[in-house]
Amino acid sequence: MNNHVTVLEIDGKALEHNLNYFKQKLNPKTKILAVVKAFGYGSDGVKVAQFLEDKVAYFSVAYTHEGVAIREAGVKTPILVLHPQIQNLQQIVDFRLEPNLYNFKIFDAFLRLADETPLMNYPVHIKFNTGLNRVGFWHTDVPKILTELKQTTHIKVQSLFSHLAASEDLEEKDFTVGQINNFAYIVKQFYTHLGYEPMLHILNTSGVVNFTKAQFDMVRIGLGLYGFGNDEKETEALKNTHNLKSIISQINIIQPGETVGYNRAYTAKRPTRSATIPIGHADGLSRKLGNKKGYVVINNQKAPIIGNVCMDMIMVNVTKIDCKEGDAVIIFNSQNMINHIANVSETIVYETLTAISQRVKKILI
Ligand SMILES: *Cc1c(COP(=O)(O)O)cnc(C)c1O
């Protein structure tokens, strides 16, 4: 059992608050798909899925094994696997996961498996590339897809979807509206020729914020669930879900001229108390946070990180902080602190959250 003292607390109440915040932005009929890929954005995808099981219509993960873990934990909610490979298709069926079929190679392979097994009306999803140019069919593929679908009863299209390239950026509004219009044009052909009407979805979190009208039947919310909207105002209305905590392992008194940490990167100018905390770059804290660029909070006061971030530890300056070995340390517990870490690390919040490594213990409260 992992009884590590560096713990990421996932705040269930905050998850629920954020889910409800997006619900009230949407039409009552619009379904919500909770994105729990990458360990629930660096938390624990299984725990988040168990917690949200009865509160959302769908989950999605990027890779098959992420979905398998959620099924193995007993979650029954439909799970869309966004990026399956041919090697995963049997496992997808074994665990009743729902594949995104994004090109003919994977589409044909899944159809073959469905024919041979045989499966009946197995739920699949078809993704269209409308401008992100990552994965997805092109609009020119529509006639061939329709022909193949009309010849089988082994699979049934649960949804048609696409993904926006710049939904957070209103300067790219025309491009995004173009993507939405392309998607609408593609799905119209399906609705005309398929004989049934799959669900439609294109919006991620910032899509919901900026292009609410394009909510179709479902929206896919990732980052928003974990407390980050498109801008400061949205983020303020959301609650932080990721609280990263640790404790002080040791306190050292450093004399003037002595140094702290690897490469002797910090030199004390005056007598200094430094506290060593058991979290390092192997836990997801960027080395860019070293040398006073980042800080932690101890007994309500900011303690700057001194010297280099080590693999397993950081040292922080607690000269002016009343604290002792064993005291609690907050690495972050607010969206502001996470934003600060992302900025100093020269990255985006998505990466700061998903960087939290598997070594950190995860608990849902
Ligand atoms: C990751 C992902 C999402 C979630 O995006 P957020 O910006 O975190 O809401 C939605 N759809 C697809 C296809 C994704 O890959």
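The values are calculated or read from the model by the stated rules, or taken from the named source; none is laboratory data. Computed from a predicted structure; not experimentally measured. FYI the Cβ positions are ideal-geometry reconstructions off the backbone, even for glycines, and counts take in every protein chain you see.
Of all residues in the stretch 188-206, how many are hydrophobic (A, V, I, L, M, F, W, C) and within 16 Å of the ligand (Cβ to nearest atom)?
Number satisfying all stated conditions: 4.
Could you list, in sequence order, all residues of the stretch 136-166 that are closer than 17 Å to residue 82 by Cβ and either of a type in the set (Phe, Trp, Tyr) or without any contact (Cβ under 8 Å) to a residue 24 or more places away in the chain (or both)?
137, 161
Residue-by-condition table, conditions (1) in a loop (DSSP other than H, G, I, E, B); (2) more than 24 Å from residue 335 (Cα to Cα); (3) not basic (Lys, Arg):
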{"site": "175", "(1), (2), (3)": "no, yes, yes"}
{"site": "181", "(1), (2), (3)": "no, yes, yes"}
{"site": "188", "(1), (2), (3)": "no, yes, no"}
{"site": "191", "(1), (2), (3)": "no, yes, yes"}
{"site": "203", "(1), (2), (3)": "yes, no, yes"}
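Is it the case, given these coordinates, that residue 294 is touching a residue at least 12 places away in the same chain (Cβ under 8 Å) and farther than 27 Å from residue 238 by Cα?
no
Assuming residue 222 fulfils every condition listed in (1) away from the ligand (no atom under 13 Å from the Cβ); (2) surrounded by fewer than 23 Cβ atoms within 10 Å (Cβ to Cβ) apart from one, which condition is it?
Going through (1) away from the ligand (no atom under 13 Å from the Cβ); (2) surrounded by fewer than 23 Cβ atoms within 10 Å (Cβ to Cβ) one by one, residue 222 breaks only (1).
Go through the stretch 1-53 and count every residue that is more than 23 Å from residue 338 (Cα to Cα), more than 15 Å from the ligand (Cβ to nearest atom) and among the charged types (D, E, K, R).
Of the residues in that region, 2 qualify.
Please name all residue pairs, on different chains or six or more residues apart, with Cβ atoms under 7 Å, provided the first residue is in the stretch 246-271 and is assigned by TED's automatic domain parsing to the domain that holds residue 328 and the second residue is surrounded by 15 or more Cβ atoms within 10 Å (Cβ to Cβ) and among the aromatic types (Phe, Trp, Tyr).
Matching pairs, first to second residue: 259/266; 260/266.
Please count how many residues of the stretch 225-249 are surrounded by fewer than 19 Cβ atoms within 10 Å (Cβ to Cβ), out of contact with any Pro (no Cβ under 6 Å at 6 or more places or on another chain) and of a type in the set (Gly, Ala, Ser).
1
Say we look at the stretch 250-272 and pick out the residues that are touching a strand residue (DSSP E or B) at 6+ places or on another chain (Cβ under 8 Å) and within 19 Å of residue 287 (Cα to Cα); which of these is surrounded by the most Cβ atoms within 10 Å (Cβ to Cβ)?
Here the answer is 266.
Looking only at the stretch 104-147, how many residues end up being surrounded by fewer than 16 Cβ atoms within 10 Å (Cβ to Cβ) and part of a loop (DSSP other than H, G, I, E, B)?
Of the residues in that region, 9 qualify.
Quick test for you: out of 308, 339, 333, pick the one residue that is surrounded by fewer than 23 Cβ atoms within 10 Å (Cβ to Cβ) and either out of contact with any helix residue (DSSP H, G or I) (no Cβ under 7 Å at 6 or more places or on another chain) or farther than 23 Å from residue 358 by Cα (or both).
Result of the check over 308, 339, 333: 333.
Return yes or no: is residue 363 in contact (Cβ under 8 Å) with a residue 24 or more places away in the chain and crowded, with 17+ Cβ neighbours inside 10 Å?
no
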